[in-house]
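Engineer: Dropping a structure here in structure tokens format, bear with me for questions.
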Amino acid sequence: MTLLFGTAGIPDSTWPRDTGEGIRRIAALGLDCMEIEFVQGVYLDEAHAKAVSGISKNNHVRLSVHAPYYINFNAHQRPKLHASKGILHKAAKTAHLCGAGSIVFHPGFYLGDDSETAYQAIRTALGEVLEKLDEDLNPITLRPEISGKPTQFGNLDELLRLSQELPRVAPCIDFAHWHAYSGGNNSYAEFCGLIREVRKKLGDAAIADMHIHISGIEYGKGGEKKHLSLRESDLKYEELLQALKDESCGGMVICESPTQQEDALLLKESYLKL
């Protein structure tokens with residue numbers, strides 16, 4: 001299986017700082033993929049999104065998209081829930097125009113609800129978004145991201161269950177969040193265990209096309225605090241890379257470190273040396 005390495009957003013050394021130049025810079029650096037960050041809003045119109053698709057194809061750079069942060073499919077107020085569905089639908093439409101195969105998003109917060117209550121609300125909302133994407137003939141994969149905080153919906157079991165029960169839903173495995181959530185989950189054996197659980201629940205195809213986030217991370221009792229560079233953190237990224245290789249994982253590895261360009265290159269170079 002092939003793992004592709006890239007950055008969350010435009011690489012640091014890109015100038016001018018626009019998405020198309022970012023894709024070209026990814027290729028020039030010897031990286032393979034890029035996640036377009038719509039985290040503060042969808043900033044590309046239709047014409048620019050189609051241009052981005054052409055640039056990515058010409059430069060052989062695979063794309064994904066991260067949806068805006070202000071989504072909560074467990075919102076208790078109907079207007080907020082309606083807005084969340086609209087935000088993900090719009091971001092997914094633009095992502096598809098960009099040529100991205102996946103869109104990553106944070107599904108929501110518990111807001112005092114138990115896991116099952118939140119799960120049912122989020123599953124229903126995602127099903128409605130998928131119906132609209134079907135109407136659009138948009139085949140993009142929705143990728144809810146593993147949470148880094150106990151207050152945030154999205155532990156591994158919840159994401160695997162969503163992926164089993166809904167079409168075109170697959171997890172975004174953020175190993176830094178998974179580590180920060182508990183302060184553990186930071187060894188070769190644990191990394192292999194997660195990958196094997198994904199394979200057990202979703203099959204070999206899910207392992208062949210994973211979407212992975214890696215960064216250093218600062219955390220405390222409440223989970224994630226902020227991202228760090230890999231060398232400043234305690235994340236055992238070399239053991240993680242060995243686990244990905246030994247378990248024959250494929251797909252995209254997106255680096256979310258503050259020094260994402262440097263760390264994406266570090267990850268790729270380290271992986272190729274294994």
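Engineer: Within the set of pairs 6 or more residues apart or between chains, which connect a residue that is without any contact (Cβ under 8 Å) to a residue 40 or more places away in the chain inside region 212-225 to a residue that is assigned to a strand (DSSP E or B) with Cβ atoms less than 6 Å apart?
Structural biologist: From region 212-225, the pairs are E218/K225; E218/K226; E218/L228.
Engineer: Another one. Condition first: more than 17 Å from the chain's Cα centre (by Cα) and open to solvent by less than 10 Å² (accessible area, probe 1.4 Å). Now tell me which residues in region 242-266 satisfy that.
Structural biologist: Listed by number, the list holds a single entry, A243.
Engineer: Look through I55, I26, I36 and report the one residue that is part of a helix (DSSP H, G or I) and within 20 Å of the chain's Cα centre (by Cα).
Structural biologist: I26
Engineer: Of (1) of a type in the set (A, V, I, L, M, F, W, C); (2) in contact with a Gly (Cβ under 8 Å, 6 or more places away or on another chain); (3) open to solvent by less than 10 Å² (accessible area, probe 1.4 Å), A208 satisfies all except one. Which?
Structural biologist: So the condition that A208 fails would be (3).
Engineer: Counting just the residues of region 151-198 that are open to solvent by 40 Å² or more (accessible area, probe 1.4 Å) and of a type in the set (S, T, Y), which one comes out nearest to the chain's Cα centre (by Cα)? Quick ask: steps written out before the conclusion?
Structural biologist: Restricting attention to region 151-198, the residues satisfying the condition of being open to solvent by 40 Å² or more (accessible area, probe 1.4 Å) are 151, 155, 157, 161, 164-165, 167-168, 181-182, 188-190, 196-197.
When the remaining residues are screened for being of a type in the set (S, T, Y), the result is 151, 181-182, 188.
Numbers: T151: 19, Y181: 16, S182: 20, Y188: 21 Å.
Once the filter is applied, the top-ranked residue is Y181.
Engineer: Of the residues P11, P79, only one is within 24 Å of D174 (Cα to Cα) and at pLDDT 95 or above; which?
Structural biologist: P11
Engineer: Taking the options L162, L235, L244, name whichever one is part of a loop (DSSP other than H, G, I, E, B) and among the aliphatic types (A, V, I, L, M).
Structural biologist: Numbers: L162 fails: part of a loop (DSSP other than H, G, I, E, B); L244 fails: part of a loop (DSSP other than H, G, I, E, B).
The conditions single out L235.
Engineer: Report yes if A243 is touching a Leu at 6+ places or on another chain (Cβ under 7 Å) and under 25 Å from G30 (Cβ atoms), otherwise no.
Structural biologist: no
Engineer: Would you check if S102 is hydroxyl-bearing (S, T, Y) and surrounded by fewer than 23 Cβ atoms within 10 Å (Cβ to Cβ)? Talk me through it step by step, then tell me what you get.
Structural biologist: Values: hydroxyl-bearing (S, T, Y): yes; surrounded by fewer than 23 Cβ atoms within 10 Å (Cβ to Cβ): no.
The answer is no for S102.
Engineer: Any idea which of E190, E197, E128 is outside any loop (DSSP other than H, G, I, E, B), among the charged types (D, E, K, R) and over 25 Å from K245 (Cα atoms)?
Structural biologist: Working: E190 fails: over 25 Å from K245 (Cα atoms); E197 fails: over 25 Å from K245 (Cα atoms).
Only one candidate qualifies: E128.
The values are calculated or read from the model by the stated rules, or taken from the named source; none is laboratory data. Just so we're clear, the structure is a prediction, and the values are computed from it rather than from any experiment. Positions of Cβ are backbone-derived with ideal geometry, glycine not excepted, and every protein chain shown enters the neighbour counts. For the accessible areas, the whole protein counts, side chains as well, though only heavy atoms, and no ligand, DNA or RNA atoms are used. Shrake-Rupley method; radii C 1.70, N 1.55, O 1.52, S 1.80 Å.
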